[in-house]
């Protein structure tokens, strides 16, 4: 019986420009996505027959967070066929004609419905891991094609790292590996409907342009300060209107010293960039008091992590 442990990194959008509606009803996007050290872990184990799944919540400090503030909420994805990792496994079995048993353990540290790609990365980890565990021999491109049938962010998550993403997410071009820069995430206790966000975006008087090329050039040059000047997300205006707290959290990150800040995906998580670990930890100290002064009720979860710097995603065990 084989067993494999696979990392499933969170992602952020350093740039996200939303285009028009396509004939198939989806929107074209132009984005720069970046994997983070904060991650879920997927453990794949052979079993005699059938598919089973167990989801467990874990301390983010065990999975890529350098620091964490807030009270972790107990929301977990379902441990059955509704879970995207189960669906990814079954789809890969169908695509390859494989009939084998599988048990999946999903160790969740990435918050749900946060704009951080946790579910997509979990599905991608299953595809990458099963390809290795079962020696299916699929190429990266073939795995990404399967991933595209599961969700728009899955092809990027199959590749990971830094990448330009176009189309509806299926056109992924790798960008140069970045240094392990420090990132602070604030995830408020609320959800955002991505579909509703895109519908509302279509009602704007005009589309919101983003300097995606500027982010790519700065990323290639390894210039974090220039990246910070070019950060942009077409969907911020929509989510900020629906959830003013998200805009407030972005402002708090900047006021506490981040050199740049942005909402990732359709939200509600916002992130800020720091130029060193010392700088980042100083910002975390300021955030603790700033958030208590600014907010009432349940506090958001705050994570200190880094750009993904680990090339080893699959670990036999």
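The values are calculated or read from the model by the stated rules, or taken from the named source; none is laboratory data. Given the structure is predicted, the values throughout are model-derived calculations rather than measurements. Positions of Cβ are generated from backbone atoms using ideal geometry, with glycine treated the same way; all protein chains shown enter the neighbour counts.
Any idea how many residues of segment 234-267 are within 17 Å of residue 113 (Cβ to Cβ), in contact (Cβ under 8 Å) with a residue 60 or more places away in the chain and in contact with a helix residue (DSSP H, G or I) (Cβ under 9 Å, 6 or more places away or on another chain)? So the count comes out to 6.
What do you reckon, is residue 179 under 20 Å from residue 39 (Cα atoms), in contact (Cβ under 8 Å) with a residue 12 or more places away in the chain and outside any strand (DSSP E or B)? The answer is yes for residue 179.
Taking segment 135-161 as the range and being out of contact with any helix residue (DSSP H, G or I) (no Cβ under 7 Å at 6 or more places or on another chain) and free of Cβ contacts under 8 Å to residues at least 40 places away in the same chain as the test, the residues that pass are 135, 137, 139, 141, 142, 145. If the requirement is being at pLDDT 95 or above, surrounded by 18 or more Cβ atoms within 10 Å (Cβ to Cβ) and in contact with a strand residue (DSSP E or B) (Cβ under 7 Å, 6 or more places away or on another chain), which of these qualifies: 85, 56? The match here is 85. Inspect segment 206-228 for any residue being outside any helix (DSSP H, G or I), crowded, with 18+ Cβ neighbours inside 10 Å and touching a strand residue (DSSP E or B) at 6+ places or on another chain (Cβ under 7 Å) and give the result as yes or no. Yes, the conditions are met somewhere in segment 206-228.
Within segment 163-173, the set of residues being surrounded by fewer than 21 Cβ atoms within 10 Å (Cβ to Cβ) and either within 12 Å of the chain's Cα centre (by Cα) or not in a strand (DSSP E or B) (or both) comprises 168, 170. All conditions but one from (1) over 20 Å from the mean Cα position of the chain (by Cα); (2) in a strand (DSSP E or B) apply to residue 80; the one that does not is (2).
Listed conditions (1) out of contact with any helix residue (DSSP H, G or I) (no Cβ under 7 Å at 6 or more places or on another chain); (2) in the same structural domain as residue 281 (by TED's automatic domain parsing); (3) in a strand (DSSP E or B) are all met by residue 189, apart from (3). Only residues that are under 24 Å from residue 113 (Cα atoms), at pLDDT 95 or above and surrounded by fewer than 20 Cβ atoms within 10 Å (Cβ to Cβ) were counted in segment 1-27, giving 1. All of 130, 106, 112 fail the test of being in a helix (DSSP H, G or I) and either in contact (Cβ under 8 Å) with a residue 40 or more places away in the chain or surrounded by fewer than 24 Cβ atoms within 10 Å (Cβ to Cβ) (or both), apart from 130.
Would you check if there is a residue in segment 279-290 being under 24 Å from residue 113 (Cα atoms), modelled with pLDDT of 95 or more and surrounded by fewer than 24 Cβ atoms within 10 Å (Cβ to Cβ)?
Checked segment 279-290: at least one residue is under 24 Å from residue 113 (Cα atoms), modelled with pLDDT of 95 or more and surrounded by fewer than 24 Cβ atoms within 10 Å (Cβ to Cβ).
Restricting attention to segment 292-306, the residues that are touching a residue at least 60 places away in the same chain (Cβ under 8 Å) and surrounded by 15 or more Cβ atoms within 10 Å (Cβ to Cβ) add up to 8.
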